[in-house]
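The values are calculated or read from the model by the stated rules, or taken from the named source; none is laboratory data. Everything numeric here is computed off the predicted structure, so don't read it as measured data. Reconstructed Cβ throughout: ideal geometry from the backbone, glycine too, with neighbour counts over all protein chains shown.
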There are 2 protein chains.
Amino acid sequence: MTAPAIPTLPAIAGFIAAGGSPVAIADAALARIAAWDDPALFLARVDPHAVRARAAALAAEGPRGRPLFGVPFVVKDNIDVAGMRTTAACPDYAYTAQEDAPAVARLLAAGAVLLGKVNLDQFATGLNGTRSPHGTPRNPVVADCIPGGSSSGSATAVASGIAAFSLGTDTAGSGRVPAMACNIVGLKPSLGLVPTQGVVPACRSLDCVSVFALTVADAAAVLQAMAGAAPEDRYSRAAPPSWRAAPAPQPQWRLAAPLPAQLVFDSPDDAALFDAALARAEALGGSVTRVDMAPFLAIARRLYDGAWVAERTAALRGMVEQRPEAVHRVTLGILRAGLDKRTVEAWEDFHEAAEARRLARALFAGVDILLLPTAPGLPSLADLAAEPVAANSRLGTYTNFVNICDLAALAVPAGFRADGRPAGVTLVGPAFAEARLAGLGAALHAAAGVTLGALGAPVPPPPAPPDLAPDEVPLLAIG
Amino acid sequence: MTAPAIPTLPAIAGFIAAGGSPVAIADAALARIAAWDDPALFLARVDPHAVRARAAALAAEGPRGRPLFGVPFVVKDNIDVAGMRTTAACPDYAYTAQEDAPAVARLLAAGAVLLGKVNLDQFATGLNGTRSPHGTPRNPVVADCIPGGSSSGSATAVASGIAAFSLGTDTAGSGRVPAMACNIVGLKPSLGLVPTQGVVPACRSLDCVSVFALTVADAAAVLQAMAGAAPEDRYSRAAPPSWRAAPAPQPQWRLAAPLPAQLVFDSPDDAALFDAALARAEALGGSVTRVDMAPFLAIARRLYDGAWVAERTAALRGMVEQRPEAVHRVTLGILRAGLDKRTVEAWEDFHEAAEARRLARALFAGVDILLLPTAPGLPSLADLAAEPVAANSRLGTYTNFVNICDLAALAVPAGFRADGRPAGVTLVGPAFAEARLAGLGAALHAAAGVTLGALGAPVPPPPAPPDLAPDEVPLLAIG
């Protein structure tokens, strides 16, 4: 019996249900790692013998209802796995983790099989994937383009079919931009929904553990398995009791999109692809209202110019002040800028952030989901090398404000430019609205005319919305 | 018919119900202002003719169900009243307010009668009441002691019987310490429960509008009348739908108090008065657990040493940098220190604050109310003059952490030292637990063996807890 060629969760579960073994799944993943042969992907592998032993142990136990039984995954190397080095792509920063991060521990408890730890923009600072001393992971979809970052390895491992899903982190878009770059799904959960204990801090107050997967339903299932407050994590918080991650379709959607004049794109194709995504959303039952995005775009700019850059610096001050030569040149420049910031000015940023959160609450009192381009466009490796800071900043245009505003987001593929570069659309909603985002996200993904990652397989059909009689008004639950 | 000598809300309502006029209530208040004759109390009075006209207009309309019909009150002069100057006790900072602060507007809509705006520690920075260019309001209970601050005039106006209630503000204890100093009740609501729109910012992210009253039930009734989110206030937030302020007694209370070794007092009498308050709480059905307060005391110290002093500076930067000669000498020293703070260090404060909030959540998962001394003791005017910064800091020992930790608090009188200085106990609970605090607070106040303010009248009996059969377990609601 052959392991499924396209490692979605339903395919793996079907294989297991039909008598297949987790060992065959693991062997297939190990074979894909060898065939993919990207020296910039893994920063540390779980020894293949250990991977097979773990799969064999699972096979001996049987599924026992575990939702990720036998599912291979990789972890961004700024997240702790007990007994492995955590490097954040900075060898001089590295330490050996004593414990699994709670997110990892919950996935392992759910039956997932860890393949290793993957490359990232150093200290998760960047949105492009080239800021690593270990090289840039190869983009499986368009080899001459950046893989996106900072979760570069996490996205390429999924798009190439090595891992069924992966963990990234997302402070400013690191869980969304690489999803666009690699034609896969990126789910950035609500702040505090997944513990960030055991994660190397970027902006500790804004960091989220995120999920990459081939499909929206898979990303939601992974999130469901690792969500929940950790009592010792100061930034984790309890979800509403009714919270679920699984896609919740609706027969109607109240959607928002930016005023056309506020949208910037790299090319007319990128603009057309976003318009097409909006049109699909309307065809799926959504009504789109154009809204003023200026306050959100303004707070986005403060993320790298204002108080939060100093939050990154605070987390890495020892490196910046005592071992600057060990830090990536571009990253060091960013982190050093944080040393000069004054608190009296930081409060202007915080008060503006509070105002942006207020405006976001007001927005989502009237709409269900805000639709945005995931980024203005995908730069090539050459584009990025020519402008390593400016091109990176541009990638965060539509992502940087989301965490500051306490919102959840889901990036899904939106088709390809004529030159083959992928585009993406991001669904943004209030905290704990993951199920709502997944409901529309799955439908938009299925309607986008794309295949999964770099694998050529069709997108599965989304769950159907509940039927309503014509005179019924749908109830829109927040949770 | 004579207006009630003790202007509690039930006394005023009873007077009105018996056919008395709001004009008689207003006349009595105006007569008390004249008799009290403290030139340091009012910074601006509503013209007595206007007060009487307002009362006459109310009399003509009739109560129409308004909960504060004809009730005289004063407002701290850092809160806007349309058409009056807002000075924050700094004449050079003053401006004429165009609109009522929402808190004031709601009280006026509830039928209350404004007498004027009262003195405070300049820019609400201080806990003692002496930091004003307009002198120190006289303490009605012990004339040689400070009135407490920063809401000095708000507390003395109530303790002297001029106003039935008053508005203060509370960032670090300004709504609690003056209540202790003046033998009255001080209610510091949850962050965001009362809009801070139209309030001169101290620490904008932590500021609360607070209530002083003679009784707990009166303070709760005033809070009920002005609670509720204001859509344009970035720091206001919606209370749970079940939220009420009215005292909610319980047959049993799970109480916490600091480890004895963590308590500091000015005198053995102060210590004995706190122990007696704990004993009364136990006699009222409470079980007291001693808890480690070290993390809360540590975050309290950061309020004036760390990032939040720069928040004060940010709000008043123009004054500090361009008109320093117009700022009170002690206040200027504090505000100037905020100019030098670096954001990279502020983040350590914020991460510690997040940890303190986590610990507070954990504490209140297991107990209903934390009991604390309101302050270590009440300094004399001479004590404060000898050590204007250190004695002030000491007053905040048990108050400074509360707002940072997103908690609600209620200060109630706890008796008198042998030398006649009042002491207080403060009840602290989670956000939106005001009714719970008021339930125990009213009972503790009634059991304390004190009279109201400086008025010599007995404390009214508290509402009775619901009866429970011996085998029933009480349900403790958070809201």
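Which residue, of A:Val194, A:Val209, is assigned to a loop (DSSP other than H, G, I, E, B), of a type in the set (A, V, I, L, M, F, W, C), touching a Pro at 6+ places or on another chain (Cβ under 9 Å) and in contact (Cβ under 8 Å) with a residue 60 or more places away in the chain? Explain how you work it out, then say what you get.
Details: A:Val209 fails: assigned to a loop (DSSP other than H, G, I, E, B).
Every option except A:Val194 fails the conditions.
Output yes when any residue across the stretch B:96-115 is farther than 18 Å from B:Ala50 by Cβ and hydroxyl-bearing (Ser, Thr, Tyr), and no when none is.
no
Could you tell me which numbered condition A:Gly129 fails, if it satisfies all but one of (1) under 28 Å from A:Asp383 (Cβ atoms); (2) surrounded by fewer than 24 Cβ atoms within 10 Å (Cβ to Cβ)?
Condition not satisfied by A:Gly129: (2).
State whether one or more residues within the stretch A:363-375 are assigned to a helix (DSSP H, G or I) and free of Cβ contacts under 8 Å to residues at least 40 places away in the same chain.
Of the residues in the stretch A:363-375, the ones assigned to a helix (DSSP H, G or I) are A:363-366.
Going one step further and asking which of them are free of Cβ contacts under 8 Å to residues at least 40 places away in the same chain, we end up with A:365.
Within the stretch A:363-375 (the criterion being assigned to a helix (DSSP H, G or I) and free of Cβ contacts under 8 Å to residues at least 40 places away in the same chain), the answer is yes, since at least one residue qualifies.
Return the residues of the stretch B:5-48 that are in a loop (DSSP other than H, G, I, E, B) and within 15 Å of B:Pro72 (Cα to Cα); say none if nothing qualifies.
Filtering the stretch B:5-48 for residues in a loop (DSSP other than H, G, I, E, B) gives B:5-8, B:18-21, B:37-41, B:46-47.
The answer is B:Ala5, B:Ile6, B:Pro7, B:Thr8, B:Gly20, B:Ser21, B:Val46, B:Asp47.
Could you grab me the full set of residues in the stretch A:413-444 that are in a loop (DSSP other than H, G, I, E, B) and charged (D, E, K, R)?
Taking the stretch A:413-444 and keeping what is in a loop (DSSP other than H, G, I, E, B), we get A:417-421, A:431-433.
Once the filter is applied, which keeps residues that are in a loop (DSSP other than H, G, I, E, B) and charged (D, E, K, R), the stretch A:413-444 yields A:Arg417, A:Asp419, A:Arg421.
For the stretch B:349-358, how many residues are more than 7 Å from every other protein chain (Cβ to nearest Cβ) and over 30 Å from B:Ala438 (Cβ atoms)?
Qualifying residue count for the region: 2.
Condition first: touching a strand residue (DSSP E or B) at 6+ places or on another chain (Cβ under 6 Å), within 24 Å of B:Met180 (Cβ to Cβ) and in a loop (DSSP other than H, G, I, E, B). Can you find one or more residues in the stretch B:114-131 that meet it?
Yes, the conditions are met somewhere in the stretch B:114-131.
Take the residues of the stretch B:359-390 that are more than 17 Å from B:Ala433 (Cα to Cα) and among the charged types (D, E, K, R): which is farthest from the other protein chains (Cβ to nearest Cβ)?
Across the stretch B:359-390, the extreme among qualifying residues is B:Asp383.
Among the candidates A:Pro251, A:Pro247, A:Pro240, A:Pro295, single out the residue that is in a loop (DSSP other than H, G, I, E, B), under 21 Å from A:Cys405 (Cα atoms) and either under 23 Å from the mean Cα position of the chain (by Cα) or not hydrophobic (A, V, I, L, M, F, W, C) (or both). Explain how you work it out, then say what you get.
Details: A:Pro251 fails: under 21 Å from A:Cys405 (Cα atoms); A:Pro247 fails: under 21 Å from A:Cys405 (Cα atoms); A:Pro295 fails: in a loop (DSSP other than H, G, I, E, B).
Of A:Pro251, A:Pro247, A:Pro240, A:Pro295, the one residue that is in a loop (DSSP other than H, G, I, E, B), under 21 Å from A:Cys405 (Cα atoms) and either under 23 Å from the mean Cα position of the chain (by Cα) or not hydrophobic (A, V, I, L, M, F, W, C) (or both) is A:Pro240.
Could you tell me how many of the residues in the stretch A:73-98 are in a strand (DSSP E or B) and polar (S, T, N, Q)? Break it down stepwise before answering.
Keep residues of the stretch A:73-98 that are in a strand (DSSP E or B), which gives A:73-76, A:79, A:85-86, A:95-96.
So of that shortlist, the ones also polar (S, T, N, Q) come out as A:86, A:96.
Residues that pass the stated criteria total 2.
Conditions: (1) farther than 19 Å from B:Pro7 by Cβ; (2) over 18 Å from the mean Cα position of the chain (by Cα); (3) surrounded by 24 or more Cβ atoms within 10 Å (Cβ to Cβ). B:Ala97 meets all but one. Number of the miss?
Of everything listed in (1) farther than 19 Å from B:Pro7 by Cβ; (2) over 18 Å from the mean Cα position of the chain (by Cα); (3) surrounded by 24 or more Cβ atoms within 10 Å (Cβ to Cβ), B:Ala97 misses just condition (3).
For the stretch A:385-424, name all the residues that are of a type in the set (A, V, I, L, M), in contact with a strand residue (DSSP E or B) (Cβ under 9 Å, 6 or more places away or on another chain) and farther than 17 Å from A:Ile184 by Cα.
To start, the set of residues in the stretch A:385-424 that are of a type in the set (A, V, I, L, M) comprises A:385-386, A:389-391, A:395, A:402, A:404, A:407-412, A:414, A:418, A:423.
Next, from what is left, pick out any that are in contact with a strand residue (DSSP E or B) (Cβ under 9 Å, 6 or more places away or on another chain): A:402, A:407-412, A:414, A:423.
A:Val402, A:Leu407, A:Ala408 - these are the residues of the stretch A:385-424 that are of a type in the set (A, V, I, L, M), in contact with a strand residue (DSSP E or B) (Cβ under 9 Å, 6 or more places away or on another chain) and farther than 17 Å from A:Ile184 by Cα.
Each row is one residue, and each column tells you yes or no for (1) surrounded by fewer than 22 Cβ atoms within 10 Å (Cβ to Cβ); (2) out of contact with any helix residue (DSSP H, G or I) (no Cβ under 6 Å at 6 or more places or on another chain); (3) of a type outside the set (Gly, Ala, Ser); (4) more than 15 Å from A:Gly148 (Cβ to Cβ).
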position	(1), (2), (3), (4)
A:Ala386	yes, yes, no, yes
A:Ser393	yes, yes, no, no
A:Asn400	no, no, yes, no
A:Asn403	no, yes, yes, yes
A:Asp406	yes, no, yes, yes
A:Gly415	yes, no, no, yes
A:Arg421	no, yes, yes, no
A:Leu427	no, no, yes, yes
A:Arg436	no, yes, yes, yes
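If you take the residues in the stretch B:298-336 that are closer than 24 Å to B:Asp406 by Cα and of a type outside the set (A, V, I, L, M, F, W, C), which one is modelled with the lowest pLDDT?
Ranking the qualifying residues of the stretch B:298-336, first place goes to B:Tyr304.
Which of the numbered conditions does A:Thr313 fail, given that it passes all the others? Conditions: (1) within 9 Å of chain B (Cβ to nearest Cβ); (2) surrounded by fewer than 21 Cβ atoms within 10 Å (Cβ to Cβ).
Of (1) within 9 Å of chain B (Cβ to nearest Cβ); (2) surrounded by fewer than 21 Cβ atoms within 10 Å (Cβ to Cβ), only one is false for A:Thr313: (2).
Could you look through the stretch A:261-310, keep only residues that are away from chain B (no Cβ under 14 Å) and of a type in the set (Lys, Arg), and pick out the one that is nearest to A:Gln122 (Cα to Cα)?
A:Arg301
Scan (1) within 24 Å of A:Pro413 (Cβ to Cβ); (2) touching a Leu at 6+ places or on another chain (Cβ under 7 Å) for the single condition A:Asp292 breaks and write down its number.
Among (1) within 24 Å of A:Pro413 (Cβ to Cβ); (2) touching a Leu at 6+ places or on another chain (Cβ under 7 Å), A:Asp292 violates only (1).
Which pairs have Cβ atoms under 8 Å, sit 6 or more apart or on different chains, and link a residue in the stretch B:75-93 that is more than 14 Å from B:Val327 (Cβ to Cβ) to one that is among the small types (Gly, Ala, Ser) and assigned to a strand (DSSP E or B)?
B:Val75/B:Gly116; B:Val75/B:Ser166; B:Lys76/B:Ser166; B:Lys76/B:Gly168; B:Asp77/B:Ala44; B:Met84/B:Ala44; B:Arg85/B:Ala44
Among the residues of the stretch B:50-60, are any more than 15 Å from B:Leu114 (Cβ to Cβ) and surrounded by fewer than 22 Cβ atoms within 10 Å (Cβ to Cβ)?
For the stretch B:50-60, residues more than 15 Å from B:Leu114 (Cβ to Cβ) and surrounded by fewer than 22 Cβ atoms within 10 Å (Cβ to Cβ): present.
Within the stretch B:316-348, can you find the residues that are in a helix (DSSP H, G or I), charged (D, E, K, R) and at the interface with another protein chain (Cβ under 9 Å from one of its Cβ atoms)?
Taking the stretch B:316-348 as the starting set, the residues that turn out to be in a helix (DSSP H, G or I) are B:317-322, B:324-326, B:329-340, B:343-348.
After this cut, where a residue has to be charged (D, E, K, R) as well, the list is B:317, B:321, B:325, B:329, B:336, B:340, B:345, B:348.
Within the stretch B:316-348, B:Arg317, B:Asp340, B:Glu345, B:Glu348 meet the criteria.
Could you check the stretch B:403-412 and list, in sequence order, the residues that are more than 17 Å from B:Glu282 (Cα to Cα) and assigned to a strand (DSSP E or B)?
B:Leu407, B:Ala408, B:Ala409, B:Leu410, B:Ala411 - these are the residues of the stretch B:403-412 that are more than 17 Å from B:Glu282 (Cα to Cα) and assigned to a strand (DSSP E or B).
Identify all residues within the stretch B:350-381 that are crowded, with 24+ Cβ neighbours inside 10 Å and in contact with a Pro (Cβ under 8 Å, 6 or more places away or on another chain); write none if there are none.
Scanning the stretch B:350-381 gives B:Ala360, B:Leu372, B:Leu378.
Considering B:Asp233, B:Asp269, which residue is in contact (Cβ under 8 Å) with a residue 24 or more places away in the chain and not in a helix (DSSP H, G or I)? Give the derivation first.
Details: B:Asp269 fails: not in a helix (DSSP H, G or I).
Result: B:Asp233 is the single residue among B:Asp233, B:Asp269 that is in contact (Cβ under 8 Å) with a residue 24 or more places away in the chain and not in a helix (DSSP H, G or I).
Quickly run through the stretch B:31-72 and pick out the residues that are closer than 22 Å to B:Ala213 by Cβ and free of Cβ contacts under 8 Å to residues at least 24 places away in the same chain.
If the condition is that a residue be closer than 22 Å to B:Ala213 by Cβ and free of Cβ contacts under 8 Å to residues at least 24 places away in the same chain, then B:Ala31, B:Ala35, B:Gly65 are the ones that fit.
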